[in-house]
Amino acid sequence: MTSAAPDVVAHRAVVADAGAQTRRREPHAPGRRAARPSPGWLGVFPLLAFAAVALGLPVAAMAVGSVTTTDDAGATSVTGANFAASFDGPYLESLLGSVRLSALTAFVATVVSLPIAYAIVTSRFRSLREAVLSASGVIANFGGVPLAFAFVATLGNAGVLTGFFGLKDKGWSLYNFWGLSIVYLYFLVPLMVLTLTPALDGLKPQWREAARNNRATGFQYWRHVALPILLPTLLSGFVLLFGSAFSAYATAAAMVGSSIPLVTVKIASALTGDVLVGQANIALALGMDMIVVAALVMGIQLLLQRRTSAWLS
């Protein structure tokens with residue numbers, strides 16, 4: 001006690017002296033000046049300008065066109081009939097068709113991809129893992145007309161496998177809802193494998209050892225430990241796949257055209273006037289509907305990714 005007292009007194013004296021010096025410097029302290037904005041934000045200005053021109057202007061034009069109409073005399077007026085028409089008749093059917101196809105393919109791809117990604121992560125062959133992940137990255141970005149042509153040449157009415165296995169005599173058709181779903185799964189499954197692999201890598205071996213030490217079976221480990229941790233990643237991946245399938249256009253247009261009601265194909269038909277002339281504003285309203293759905297998908301995915309990173313960091 002007696003040896004610590006001088007130290008305490010000295011400490012108090014130093015603090016008091018520092019406070020006095022601070023108070024003496026306060027009238028002239030430069031810290032009172034307003035904080036100047038950092039010039040670092042100028043580095044992102046080209047990106048912001050590009051986003052404003054490439055994304056902002058089309059969205060603004062779409063928003064204006066979706067709530068206006070032009071009569072025969074050329075006069076433009078504000079109306080809500082375009083949005084009302086987008087939720088009625090064949091346009092509503094196409095919107096629901098896209099939602100149904102996207103939800104189904106995203107769910108199947110999520111279920112199928114989990115064991116594939118787990119087999120990749122637990123593989124002892126590093127070269128196999130790298131090869132599968134590289135192939136998944138390539139296939140996940142393989143879409144559009146080339147993908148449609150590949151499936152038509154393979155599983156179309158005159159496709160190689162169709163003729164070899166006699167699939168046409170067994171009722172097989174690539175040009176219906178289920179055939180298009182298989183084509184979508186071709187690029188959705190690799191995309192989900194790429195999404196799940198980092199999350200499976202984040203599962204710590206200590207968690208499995210702790211479960212084993214408590215006499216938990218493999219099923220109990222996955223039921224009570226692994227799947228609850230992976231659930232945000234699975235839901236985030238499902239939402240990502242849903243958005244990817246929902247916005248796909250070229251593959252469906254090249255394969256099935258308008259025989260299957262999809263919103264992207266319906267927008268193209270309305271803009272080009274294939275069925276009815278003067279439906280361009282309704283197509284813009286359908287585009288705004290898609291933007292709302294995409295914004296919801298992105299918001300949900302960001303929330304789930306934040307929750308996933310909190311667990312696996």
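Below 12 angstrom from the Cβ of ILE300, what's the summed charge of the other residues (Lys, Arg +1; Asp, Glu -1)?
That works out to +2.
Here's how it looks for THR68: its modeled amide H is under 5 Å from those of THR79, which are all 5 or more places away or on a different chain. Protection proxy ranking of 88-94, 166-172, 259-265, 99-105, by the mean of other Cβ atoms within 10 Å over each peptide's residues and highest first, is 259-265, 99-105, 88-94, 166-172.
Multiplying the sequence separation of GLU130 and LYS170 by 0.36 nm and subtracting their Cα-Cα distance, what value in nm do you get?
10.5 nm
Solvent-accessible surface of the stretch 80-176, taken per residue with a 1.4 Å probe and all protein chains present: 58 Å². In the full protein context, the stretch 183-283 carries 47 Å² of accessible surface per residue, based on a 1.4 Å probe and ignoring ligands, DNA and RNA. Our coupling estimate for the stretch 147-159, obtained by passing each phi through the Karplus curve with A = 6.51, B = -1.76, C = 1.60 and θ = phi - 60°, is 5, 4, 5, 4, 6, 5, 6, 9, 10, x, 4, 10, x Hz, Gly and Pro reported as x.
One Cα centroid belongs to the stretch 205-261, the other to the stretch 104-122; the line between them spans 6 Å. Using 0.36 nm per residue and subtracting the Cα-Cα separation, the extra length available between TRP41 and ARG306 on full extension is 92.9 nm.
The values are calculated or read from the model by the stated rules, or taken from the named source; none is laboratory data. Computed from a prediction, not measured in an experiment: that's the story for all the values here. Cβ: placed from backbone, ideal geometry, glycine included. Neighbour counts: every protein chain shown. In case anyone asks, the SASA skips ligands and DNA or RNA and just uses the protein heavy atoms, side chains included. Shrake-Rupley method; radii C 1.70, N 1.55, O 1.52, S 1.80 Å.
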